[in-house]
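The values are calculated or read from the model by the stated rules, or taken from the named source; none is laboratory data. No experiment lies behind these values; they were computed from the predicted model shown. Cβ sites come from the backbone with ideal geometry, for glycine too, and all protein chains shown count toward neighbours.
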Amino acid sequence: MTRNTFITLVALSTSLLVATAALAQGTATGPSTVHLADNTGVAYAGGPNDTINGPAPYPIDLDPTGPPWRKAIVSDPLTGFAGFGSFNMVETVQNVGTEPWFDWHEDLFGGALGVGWNGVLSVTVNGSPITFNETILGNSLWIDTFSQPVLPGDVMTIDKTMITTSNVVAPNVTLFEILEYPTPEPGSAALMGAGVLLLIRRVRRGAA
């Protein structure tokens with residue numbers, strides 16, 4: 001194999017990885033939903049404490065051609081929002097698709113309440129805690145390197161916190177919105193990466 005052929009194959013593998021990642025999206029049965037925040041600064045998406053969409057887990061189906069799940073977090077219709085410093089969001093979702101999930105991606109934007117990511121408190125699958133990594137970059141949060149995948153039918157709960165910069169918001173106002181989607185790609189990426197490493201070894205042997 002010539003060096004030019006090798007470079008072409010590596011470039012092709014890289015472009016395939018980028019294209020695959022760009023398509024890695026999940027959509028809820030909506031795909032836009034509204035979730036209430038109580039006046040202490042806690043919101044629930046799915047599960048027994050979600051007064052709009054609960055008590056069942058919220059169904060999420062991986063859809064490479066669809067949009068991310070868009071959630072609007074709205075202040076309590078009677079009491080509004082009164083708090084400063086932190087905001088807590090607990091999501092209980094179920095993988096109703098056919099692909100396992102290996103990570104979870106969230107983007108914050110808009111709204112009347114200034115928020116930024118603080119961190120992930122816990123991730124559980126079917127009630128059991130799993131280990132994970134988290135990366136915060138601007139308005140984006142990546143939760144990845146799950147110690148076990150979220151298989152079709154599994155229920156995942158994510159408990160995370162944000163930092164707030166606003167104190168009081170009137171009732172029934174959109175505090176902020178989140179775009180979220182799981183991705184199934186790490187397995188495919190690992191296979192492609194293994195292929196690239198094999199090509200590198202072959203080229204090195206040829207050069208030797």
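Odds and ends about this structure:
- Filter result (modelled with pLDDT of 90 or more and closer than 23 Å to residue 75 by Cα) within the stretch 95-122: 106, 107, 108, 116, 117, 118, 119, 120, 121
- When residue 172 is tested against the conditions (1) assigned to a loop (DSSP other than H, G, I, E, B); (2) surrounded by 13 or more Cβ atoms within 10 Å (Cβ to Cβ), the lone failure is (2).
- Qualifying residues in the stretch 105-118 (those that are in contact with a Leu (Cβ under 9 Å, 6 or more places away or on another chain) and part of a loop (DSSP other than H, G, I, E, B)) - the one nearest to residue 86 (Cα to Cα): 113
- Of all residues in the stretch 41-60, those being surrounded by fewer than 18 Cβ atoms within 10 Å (Cβ to Cβ), at pLDDT 90 or above and of a type in the set (Gly, Ala, Ser) number 1.
- Scope the stretch 66-104; condition in contact with a helix residue (DSSP H, G or I) (Cβ under 9 Å, 6 or more places away or on another chain) and either buried (at least 19 other Cβ atoms within 10 Å of the Cβ) or assigned to a strand (DSSP E or B) (or both); matching residues: 102, 103
- The stretch 123-169, subset small (Gly, Ala, Ser) and at pLDDT below 95, residue nearest to residue 42 (Cα to Cα): 166
- Residue list for the stretch 119-139, restricted to those being polar (S, T, N, Q), in a strand (DSSP E or B) and under 24 Å from residue 57 (Cβ atoms): 122, 124, 128, 133
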